[in-house]
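Structure record follows, encoded as structure tokens.
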Amino acid sequence: MQQMTRLAGGLINRSQSLNFTFDGRRYQGHPGDTLASALLANGVRLVGRSFKYHRPRGVLSAGSEEPNALVELRTGARQEPNTRATVVELFEGLEARSQNRWPSLGFDALAINDLLSPFFTAGFYYK
């Protein structure tokens, strides 16, 4: 697979390819990639939605301080939510899903909350 956004050099081994899935779609990356860098190289910009208003979110930073690219990792029956895509090293067969969306990332029915935001109070309720 040709990835137009790849730059030469770095710590990524481009002589090998790794297959992974994100939201059920198959992509390819390379050893040394993080999940975030592989998604960006494959042209995936939307990786999640905000918690309250379901606004679109993409990768903002390159390290463990990433606030937006939170994904759920899946291995068989095991699920690990709220994992930062910028710190997950890519491996063969990785399965990741976006979070805070229904029914899909591209069309999130709960994004209506953004239109209704003037009627919501500031902050969150913890009752």
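The values are calculated or read from the model by the stated rules, or taken from the named source; none is laboratory data. All of these numbers come straight from a predicted model, not from anything done at the bench. Note: ideal-geometry Cβ built from the backbone for every residue, glycine included; neighbour counts use all protein chains shown.
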Output the qualifying pairs, or none if there are none: Cβ atoms under 6 angstrom, residues six or more apart or on different chains, first residue in the stretch 101-124 and assigned to a loop (DSSP other than H, G, I, E, B), second residue surrounded by 10 or more Cβ atoms within 10 Å (Cβ to Cβ) and among the charged types (D, E, K, R).
R101/R49; R101/D108; L105/D23
Here are some conditions: (1) assigned to a loop (DSSP other than H, G, I, E, B); (2) touching a strand residue (DSSP E or B) at 6+ places or on another chain (Cβ under 9 Å); (3) modelled with pLDDT of 95 or more. A36 meets all but one. Which one does it not meet?
(1)
Select from the stretch 58-90 the residues that are in a strand (DSSP E or B) and on the phi > 0 side of the Ramachandran plot and list them in ascending order.
N82
Which residue pairs have Cβ atoms closer than 6 Å, lie 6 or more positions apart in sequence or on different chains, and pair a first residue in the stretch 43-57 that is surrounded by 15 or more Cβ atoms within 10 Å (Cβ to Cβ) and at pLDDT below 95 with a second residue that is of a type in the set (D, E, K, R) and assigned to a loop (DSSP other than H, G, I, E, B)?
R49/R101
Looking for something part of a loop (DSSP other than H, G, I, E, B), at pLDDT below 90 and at positive phi - is there at least one such residue anywhere in the stretch 6-14?
yes
